[in-house]
1. How many residues does region B:131-152 hold that are without any contact (Cβ under 8 Å) to a residue 60 or more places away in the chain and within 14 Å of chain C (Cβ to nearest Cβ)?
2. Tally time: how many residues in region A:117-152 are assigned to a helix (DSSP H, G or I) and under 21 Å from A:Arg177 (Cβ atoms)?
3. Condition test on B:Leu70, is it modelled with pLDDT of 85 or more, over 30 Å from B:Ala308 (Cα atoms), over 22 Å from the mean Cα position of the chain (by Cα) and among the aliphatic types (A, V, I, L, M)?
4. Quick one: A:Arg114 ticks every box in (1) surrounded by fewer than 20 Cβ atoms within 10 Å (Cβ to Cβ); (2) within 25 Å of A:Thr215 (Cα to Cα); (3) of a type in the set (Lys, Arg) except a single one, so which number is it?
5. What number goes with the only condition from (1) in contact with a helix residue (DSSP H, G or I) (Cβ under 6 Å, 6 or more places away or on another chain); (2) of a type in the set (D, E, K, R); (3) within 20 Å of B:Leu517 (Cβ to Cβ); (4) assigned to a loop (DSSP other than H, G, I, E, B) that B:Arg454 does not pass?
6. Where in region A:155-244 are there strands (runs of 3 or more DSSP E), lying fully within it, with 1 or more residues that are within 12 Å of another protein chain (Cβ to nearest Cβ) and touching a residue at least 24 places away in the same chain (Cβ under 8 Å)?
7. Can you tell me how many residues in region A:81-118 are small (Gly, Ala, Ser) and either more than 22 Å from the chain's Cα centre (by Cα) or at the interface with chain C (Cβ under 7 Å from one of its Cβ atoms) (or both)?
Amino acid sequence: MEQPILDVSDLCVSYGKVEALHHVSIKVCPGQIVTVIGPNGAGKTTLLGAVMGLLPHTRGRVEFLGTAQRDIEVERMVAAGAGLVPEKRELFGEMSVEDNLLLGAFMRRRMGFRDERETMEQVYATFPRLGERRGQRASTLSGGERQMLAVGRALMGKPKLLLLDEPSLGLAPLIVREIFHIVAALKKTGVAVLLVEQNARAALQIADYGYVLETGEIALEGPSDDLEDDPRVIESYLGLGGKH
Amino acid sequence: MGPRVVLAVFLAFLALGPAILPEFYVTLLNYIGLYGLVALGLVLLTGVGGLTSFGQAAFVGVGAYTTAYLTTTQDLPAALALFGSSPWLALAAGLLVTAAVAWLLGAVTLRLSGHYLPLGTIAWGISLYFLFGNLGFLGGYTGITGVPALSLFGFELADTHHFYYLIWAALLGAIWLTGNLLDSREGRAIRALKGGTIMAESMGVDTARSKMVVFVIAALYACVSGWLYAHLQRFVNPTPFGLQIGIEYLFMAVIGGAAHVWGAVVGASLVTLLKQWLQDWLPEVLGTTGNFEIIVFGLLMIFVLHRARDGLWPLLAKLVPEGAGERTAVPAAEPLSRRAPAPAGTVLLEAVDVVKEFGGLVANDRMSITVKAGEIMALIGPNGAGKSTMFNLVSGVTEPTSGEVRYCGERIDGLEARRIAQRGMGRTFQHVRLLPAMSVLENVAIGAHLRGRRGVAAAVLHAERAEEARLLAEAARQIERVGLAEHMFAQAGSLALGKQRIVEIARALAGDPNLLLLDEPAAGLRYLEKQALAELLRKLRGEGMGILLVEHDMDFVMGLADRVAVMEFGQKIAEGVPEEVQNDPGVIEAYLGGVD
Amino acid sequence: MDLQIALLLGQDGIVNGAVYALLALALVLVFAVTRVIFIPQGEFVAFGALTLASFQAGKTPGTLWLLIGMGVAVAAIDSFSAWQSRRPRRILQVVGWNLAYPLLVGAAIRYGAPQEWPLALQVLFAMAVVVPLGPMIYRLAYQPLAEASVLVLLIVSVAIHMALVGLGLLFFGAEGSRTTPFSDASFQLGDLMVNGQSLWVVAASAALIVVLYVFFERTLYGKALRATAINRTGARLMGISTTMAGKLSFLLAVGIGALSGILIAPITTVYYDTGFLIGLKGFVGAIVGGMASYPVAAAGAVLVGLLESFSSFWASAFKEVIVFTMIIPVLVWRSLTTHHVEEDE
C-alpha cells in the first residue's frame, strides 16, 4: 500500500476524567474517501478535533503527510494542507459569502499564493447556489447553503486532506444527496477525504473504506462494500444487544 | 497541630498584640484590620460569588463621610439630627445609605453580563471621589476635621490601642458572620452562582437576588470599615476613597486568596506590609519620590493570576494539617414536609404542538409528548434532531414560539426555570454541573433550596439551625436513597463521572419532585456504571416517579424505557414501546440514513 | 449662555469627542477579538504624548527603556519555546522584532538628536517606540490567560493599568507637558474662532476612522480580525491564530491610543496619569455601544465629549461626576431590554 496521507495510531483523548477515545487507529491514503461512522456520542467529532489540533490528546501519534505532529497546532495543520469542515459549520455569520470564502484562503495568502480568485471561481462552479448569493450574509443562508459554504470555504485552502464532520447533519435527504455527490466528485480531483458520519448508508456508498466507532473505540472496520451488508452496523446504532 | 490550635495561637497573638508590640506596629495592625474588612467583602463577592467591584473604596468613603458629616455638623435638619447625635446612629445611617446605593448599582448591572458590574463600579468610584472633593458641605478636597472619638458604654476609645480591639472585634465578627452565611441555605445559593446561572436557577435559586445579597453585604463591610476609619483618624478627606485604593482592595482579596475568608486577612496584611516597605525602599532605589509601589503591585497581581490564581491562602492552608471543622455526621432532624405524590398513571407532563424557531430555523416542529407518573419515557433521535431544544423548552431554559407545555394541568411554558422547579420538576445536566470543591452533601442540599424559608439575616446569625438540620438531613436521605452514603462528605469533584451523575440525580431528588428530567445521564459512563444508573432509575420508577430521559445510548434506553419517542428534523417520527420503535423502518432510516 | 459660547463649547466637545470616539473604537475592537476590557488604553494616550514631549525637550523618553525591557522578556520566552519545538527560523524572527528592532530605534534616538528633527519624524518615532508595547503586553500578560474568564482578564487589565501609571510617573515625572502644535493657523468660521490644532484633531480622527473602516472591510487581515471576533473556532480553522489576532488588535488599539495622545498634546497639558480619565471616557462611549457596535460606540463617545464640555460650563466642578453618571441610564436601558439573565461565557 502506498504511504498514507494521514496515519493515526493508538490515539486517546480525555475530557477531564472521561476518556472519549480509546486507542483509535485509522489511515487515509491519497485519493481515498475514508469514513468513520457510528452513533451519536461515539467520539467521532472528538477524533476530528484531536487530529486537527483543536483538542489535545493524551496518548498516541498523528502523522500527516509523513511527518509526525508533536503538539499539533491547528494553524500548522492548515498550513500543511488539512481542511476541517466542522459539525457546527462555524461560518462568519455577519460577513458575506464571498468574504467567508476569501478567508478560507487566508493561510494560502499568508504563504504567498495569490490564486484565490481562481479557486473561488472553481468553488462557485461546484456550488452555483453560492455564486448566486455571493453578496449575501452567511447568516441568512438556508441550512443546505450553509453546509455548501462551509465545504467551499475549506476548499479555498486547496487542502490535500478534507475532514468532514457530519455534513448531512440536520439536512433534508435531497440536499444530503447533493452534498455527497460533490464529495464523491472531489475524489477525482485528488483530494483525500476523511468523512465522519452518522448517516451510515450515505457515507458507505461513497467511501472506499470505513470504520465503525462505538463508545470511543473502533468496533469494526473494512472496505465499505463489506460494511454495507454487515448486520453488526445496524446493531451498533440501535442497540439490539448481543453485539459481540 | 490542627487548625483550631493555629486559630487559637493567632487569636492569642491578636489579644496580646498591643501589650507587646511597639506603637508603630499596632497602628499597622489597625490598618490591616480596616483593609481586611473591605477585602473580606470582596472575597464574598469575587471568590465566592464570581462577581467583582473596583468601587469598594467609594463605599468606605460613604461610611466615613456619613459619620463625619452627621457628627460634626451643627444645626442638622430635624430629620437627620437624631442620626447625628451619636456615632453609632451615624453608623446606622451610613449602612442605610450604602445599602441603597449598592442596591441601585446592582439593580442596573446585575442582570447584564458579568463585566458590567465592575465597569459600573469604576464609574461609581470615580464619580463619588469627585463628588466628595467638590461638595461644599463635605469640606471639598480639604475634608472634614473634628470627627469625635467613639465611646463604648461611656468609655472613650481615644487612643490607638483601644481602637485596635474595636477594629479587630469588627473584623473577626464579620469573618464569623460570613462563615455562618456560607454555611447555610442562602450561602449555598450564593456558592451555586459559580456553577452557572442555569444550574442555580434550575435548583430554585433566584440568582439575581443572590448576587444582590453578596454585593450589598460587601458594600456594608466597606461602609463599616469607613466608619471605623473616620473615628480613628478623626478627620476625612477624599484621598483614601479614590478608584486606585478601590483597586488595591481587590488586589488584597485576589493575592490573599479570594475563595476563602482568611484570604482577606492574609491579603490585607501582605499588601499593607509590602506597601509600607516599598514606600520606604523604592524612592531610595529609584532616586525620586512617588507612589511607585503600584508598579510592583500591578506586576505581582499579574504574576499571581498567571501562576496561583487562587491566591496565597490555599498555599498557606496546606501547611496546616486537615482536621476539625470538616463535617463528618449529619444530625438527625424531623423530615421536611413532602408534596402530595402523583398516583401512578396520572399525566404529569404534557407538551402539545410545541414549536421553537431560531431565526428562520425550526428546531422543534409541533412536538407533543406526555410523561406519566411511574413511567420512564425516553426521547431519542439522531444528532441535531432537536432533542436538546425540546428539553430546554420543557425545563424553562427557553420559551416555545408557540404551543403549550403543561405540568399537572398547569401551563408552565414561559415560566422561569426556578418556578418550574418549585412545581415539582427536577433536572440533571448533560455536562455535570456540580460544585467540585463542595462536599456531596452540600451539593445535594442545594437541590433542597426551595424547601427552606429562612433568609440572610437568620443565616448570618445561625438562627436557622433547626431548618438547616432538616435540609441537611433531607440531603443525606437522598444520598442514601441513590446509594452514595459512603461518599457523603467527599468533595464532589473527587468522584468518578458515573457517581457525579448520580449525585446530580440526588440533588434533583432533594427538591422532592414528581418528575425527573435527565439530559443524557449515561453519556461517558462505563458499563457497570450504566447498570447501576439503570437500576436506580428503575427503583425510582417503582416509587412512582415520572422520568423523562433524553439519551444517545440505545442499549441503555431500549432496556429501560417504557415508551420511546423518536425525533428527526424537529418532529416526532415514531412513538411506542421499545420493540416497536426498534423495528420501525422510518426510525432505522433516520438513524442509518438513506440515499438512493 | 449665548450662541457664541454654545458654539465654542460645541467645538470643544467635538474635538474631545473625536478622540474619545477613536478610543471607544479601539476598546470595542480589542474586546470583540480578545474578550479583554482594555483599561490601560488611556496610559498609552499619555505615553504617546509624553514620548513626543520628551523628544522635543531633548530627553530620552523612559518608554524606550520599557520597549527594550519588554522586548528582552518576549524574545527570551518566545525563543525558548521556538527552540523547544525546533523552529530555528522562528527564533530569528522573534529576536529580530523584539531585540533588534527596539535597539535600532533606541540607537536612532540616542545618537540622532531627535530634538532637531522635523515634527513628522518626531511623531513617527514616538509611535515607533510606543506602539510595539501593545503586542508585547498581549504576549506577556494576556496570551498565557487566553482561555480565562472575562473577569480575570479584566483584573489583569486593571493590574497593568496600575503598573503603567507607576512607570509613567517614573519615566516622565509628576509635571505635565505640552507639545508644539501641528499648525499655528486659526480660522474665522462665522462667529467662531477655530484653531488649527482642533481641526487637526477632528480631521485626523475622521481620517483614521475611514482608514479603519477600509482596513476592516477591504483587507485580508482586517477581515481576519473580524472573523476572529465573530467566530474564534471558525477563524482558527482558516489558519488565523488567536494569538496573531490578539497581537494585531493590541497593535491597533495602542496605535490609536498613542496617536490620540499625540493629537491632543498641543491643546491640553498631559500628565503621566491624564490618560486614564480620557480612556475611561472612551469607555463610557463603548458601553453606550454595548461593547459591540462600532458606530453606536463612536456616536456615544462624541456625546460624552459634548456632555463634558457643556457641563464644564454649567457645573465645572461636577463635570466628571456628570460624565461618569451618564452610564447609569445607559445600563438601566440595557438592563430593561435584556429579558433573560445573561449566562457568562
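1. The qualifying residues number 5.
2. 19
3. Spelling it out, B:Leu70 is indeed modelled with pLDDT of 85 or more, over 30 Å from B:Ala308 (Cα atoms), over 22 Å from the mean Cα position of the chain (by Cα) and among the aliphatic types (A, V, I, L, M).
4. Against the list (1) surrounded by fewer than 20 Cβ atoms within 10 Å (Cβ to Cβ); (2) within 25 Å of A:Thr215 (Cα to Cα); (3) of a type in the set (Lys, Arg), A:Arg114 comes up short only on (2).
5. It is condition (3) that B:Arg454 fails.
6. So the answer is A:161-165, A:192-197, A:209-214.
7. The total comes to 4.
Residue-wise test of (1) within 25 Å of C:Phe216 (Cβ to Cβ); (2) modelled with pLDDT under 95; (3) not in a helix (DSSP H, G or I).
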residue	(1), (2), (3)
C:Val28	yes, yes, no
C:Ile37	yes, yes, yes
C:Gly48	yes, no, no
C:Lys59	no, yes, yes
C:Leu66	no, no, no
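The values are calculated or read from the model by the stated rules, or taken from the named source; none is laboratory data. All figures in this text were calculated on a predicted structure; none of them were measured in a lab. Neighbour counts run over all protein chains shown; Cβ positions are idealised from the backbone, glycine included.
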